[in-house]
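The values are calculated or read from the model by the stated rules, or taken from the named source; none is laboratory data. From a predicted model like this one, the values you see are computed outputs, not experimental measurements. Ideal geometry is used to build each Cβ from the backbone, glycine not excepted, and the neighbour counts take in all protein chains shown. Note: areas computed on protein heavy atoms with side chains; ligands, DNA, RNA excluded. Shrake-Rupley method; radii C 1.70, N 1.55, O 1.52, S 1.80 Å.
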Amino acid sequence: MRAPTDRPPTETLTELDRILESLTVPQLLDVAYTLKKEKSKLGAAKEDIIKGLRQGSNAEQLELAAHRVEALAPFKHVFLFAFRPKNGPEVNFESDAQRFGDPSAYTRLDLTQGELQKQLVLLDRTDKQIYLKLVHPVPVWEFEETAPNEFRRRKLLQRHPELRPMSV
């Protein structure tokens, strides 16, 4: 039997909760840096850092920062692409990048859709790279204890990110 924790039950976790839980401590500190939070005030434990990120943060800015760090973090499927600019040999990076979406926003995952969904676009203007984060739901099974020596299996949908960096 697991020890009690401060974490909410699985069925009440939001997309933001799941992203923050999936990030490592250094990645959470990257989120804190993006939000201009002082590392010394967050604590050292993962749970303390998450609590510190939530305190006094705009929820949308926190979610956008977490999505951006997740997009650049390792440990997900990455597919590399190159594309030809719409404008011919002269590359207008900004206008070509806009075809993929607004880099200042993100889209929440709709778990009822079984297909890949575009969630975030990141632009690296220096190296002329566009990072497109796609997410799709994946079914997972979880066991929950209903009585001593008795378990019930539940099917849940979890988000599964994929990253598609593209060179211009």
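Of all residues in the range 120-159, which are within 30 Å of Glu94 (Cα to Cα), open to solvent by 50 Å² or more (accessible area, probe 1.4 Å) and among the polar types (S, T, N, Q)? So that I can check it myself, show each step before the final result.
Start the filter on the range 120-159 by keeping residues that are within 30 Å of Glu94 (Cα to Cα), which leaves 120-136, 159.
Those still in the list that are open to solvent by 50 Å² or more (accessible area, probe 1.4 Å) too: 125-128, 131.
Residue satisfying the conditions is Thr126 alone.
Six or more apart or on different chains, Cβ atoms under 6 Å: show the pairs whose first residue is in the range 120-138 and at pLDDT 80 or above and whose second is open to solvent by less than 20 Å² (accessible area, probe 1.4 Å) and small (Gly, Ala, Ser).
Leu120/Ala71; Val121/Gly101; Leu122/Ala71; Leu123/Ala97; Ile130/Ala97; Tyr131/Ala71; Lys133/Ala71
Given the structure, is Ser104 small (Gly, Ala, Ser), open to solvent by 40 Å² or more (accessible area, probe 1.4 Å) and not in a loop (DSSP other than H, G, I, E, B)?
Working: small (Gly, Ala, Ser): yes; open to solvent by 40 Å² or more (accessible area, probe 1.4 Å): yes; not in a loop (DSSP other than H, G, I, E, B): no.
No, not satisfied.
For the range 80-99, which residues satisfy the criterion of being touching an Asp or Glu at 6+ places or on another chain (Cβ under 7 Å) and either at pLDDT 85 or above or open to solvent by 80 Å² or more (accessible area, probe 1.4 Å) (or both)?
Selection gives Lys86 alone.
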